[in-house]
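Structure first, then comments.
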Amino acid sequence: MSLVLHPAELWTLKHGPDAVRCVATPHPMGVEVRYVINEHPLMARVLTDWNHVRDVADTWRSRLEASGWAPPTRSRSVRRH
């Protein structure tokens, strides 16, 4: 089974000035899923199955979105002539 070989950001959400990211990184026992808020690790879980990684990441994201967190909006630069 092929798991994460390099760190991968699964999603990012913002709420005001705060940002939270879910990152999957290689671990000797599988994949470590980290919940990072404002670049400070809050919690992590080590999982051996990629489907569980997605389940955990989706659960964390759903809970945050229910509390008002949302994906960052991309700012578009406006060119003035």
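The values are calculated or read from the model by the stated rules, or taken from the named source; none is laboratory data. Since this is a predicted model, take the numbers as computed values, not measurements. FYI the Cβ positions are ideal-geometry reconstructions off the backbone, even for glycines, and counts take in every protein chain you see. With ligands, DNA and RNA removed, areas are computed over all heavy atoms of the protein, side chains included. Shrake-Rupley method; radii C 1.70, N 1.55, O 1.52, S 1.80 Å.
List of remarks:
- Surface accessible to a 1.4 Å probe, per residue, for the residues of the chain, Å²: 74
- Whether the stretch 27-67 is rounded, prolate or oblate, judged on the alpha carbon gyration tensor where a/c under 1.5 counts as rounded: oblate
- Look at [x] 3, 10, 6, 7, 6, 5, 6, 5, 5, 4, 4, 4, 4, 4, 3, 3, 3, 3, 3, 2, 2, 2, 2, 1, 1, 0, 0; [y] 3, 16, 28, 28, 18, 6, 1; [z] 3, 14, 24, 21, 14, 10, 6, 3, 2, 1, 1, 0: the one that is P(r) over Cα pairs in 5 Å bins from 0, in percent derived from this structure is [z].
- Ligands, DNA and RNA left out, the 1.4 Å accessible surface of the chain is 51% carbon and sulfur atoms.
- Per-residue ellipticity at 222 nm, computed for the chain from helices alone with -39500 (n - 2.57) per DSSP H run of at least four residues, works out to -7000 deg cm²/dmol.
- Nearest-ten-degree value, helix 50-66 long axis tilted from longest Cα axis of the chain: 40
- Around the Cα centre of the chain, unit charges on the Cβ atoms of Lys, Arg, Asp and Glu (plus for the first two, minus for the last two) sum to a dipole of about 560 debye.
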